[in-house]
Amino acid sequence: MSDSSGIEGRGRPLDKIDLGDLDLGRIRRFMRWGLWLLGLILVWTGLNWAQTFYTDWLWFQGVGHQAVLVKIVTTRAVLFVLAVAVFLTLALPNLYVAARSTDRPPLANAALQPADYHFAHKFLVRAGIGAVVLFALVLAAHPASQWESVLLFLNRVPFGETDPIFGRDFSFLIFTLPAVRLVHGWLIAAVTSVGLIVLAFHYLTGRLRGEARFWEGARVQLAVLVAVMFLLIAAGHWLGRYELLYSPTGAVFGVGYTDDHVN
């Protein structure tokens, strides 16, 4: 019995799997029907959005403020595209690193032959790209829905008065802090999603390759993502200081003695 604590993570030999036993034609048909279903969902969503937009356009036209609706729709579209682009910038390089690092011959105890592992690896890479695109579209919907916070931030004006605790203009609390919190929360969700995709990819490829545990390259990549997550959490605690101005722990809302000297 080989040592499972080795660098390659060799474990008990697995039963060989022959991809020829799988009905690849059925898998392709299933994926094709899935793409058709996704297309129908997108078309239905687009038609519903067009109906809502046309109704809103008639209302705004009736009160002579079509430019307001155009501004809202344009802002939502820009936020959606920007969020998709940022997520792809974060996710695709990580998936590329994971794919390159696992594109190696399987171990002697692997469940797949080398040719079959190469085929399965290519399939997992394509599935990973599909997961990245899906996550990008889902996560981009939230920033697009928060267009009001973004427009308030972009059109912020100073109040000319500062709070007595941090010495910041009150406009920071009203306009800037909500927008920063929006970006911060979205980044946490994005990094978490990238981590889950990379984790699943390394786990599946590792099992098919015959590894009993994550190899060193996978552990390093996942550790970097976890470190980034902890930095974002730390940034969230730092931003949370300003929210003490809304603290309900005292007799009235605001920073009390404990908030000021301890929290």
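The values are calculated or read from the model by the stated rules, or taken from the named source; none is laboratory data. Worth saying up front: this structure is predicted, and the values here are computed from it rather than measured. Because the Cβ atoms are built from the backbone with ideal geometry, glycine has one as well, and the counts that use them run over all protein chains shown. Quick note on the areas: whole protein, heavy atoms, side chains included, nothing else; ligands and nucleic acids left out. Shrake-Rupley method; radii C 1.70, N 1.55, O 1.52, S 1.80 Å.
Consider region 156-175 and keep the residues that are free of Cβ contacts under 8 Å to residues at least 12 places away in the same chain and part of a loop (DSSP other than H, G, I, E, B). The one that is nearest to Lys71 (Cα to Cα) is Gly160.
What are the residues in region 57-89 that are more than 20 Å from Leu154 (Cβ to Cβ) and open to solvent by 60 Å² or more (accessible area, probe 1.4 Å), if any? Trp57, Leu58, Trp59, Gln61, Gly62, Val63, Thr89, listed by residue number. Can we say Ala77 is touching a residue at least 12 places away in the same chain (Cβ under 8 Å) and in contact with a His (Cβ under 9 Å, 6 or more places away or on another chain)? In short, no. One residue is enough: does region 159-168 have a residue meeting the conditions touching a Leu at 6+ places or on another chain (Cβ under 6 Å) and either open to solvent by 50 Å² or more (accessible area, probe 1.4 Å) or within 16 Å of Ala77 (Cα to Cα) (or both)? No. Return yes or no: is Leu182 among the aliphatic types (A, V, I, L, M), open to solvent by 20 Å² or more (accessible area, probe 1.4 Å) and in contact (Cβ under 8 Å) with a residue 24 or more places away in the chain? Here the answer is yes, as Leu182 does meet what is asked. Taken over region 211-233, the criterion of being in contact with a Phe, Trp or Tyr (Cβ under 9 Å, 6 or more places away or on another chain) and either among the small types (Gly, Ala, Ser) or assigned to a helix (DSSP H, G or I) (or both) is satisfied by Ala218, Leu222.
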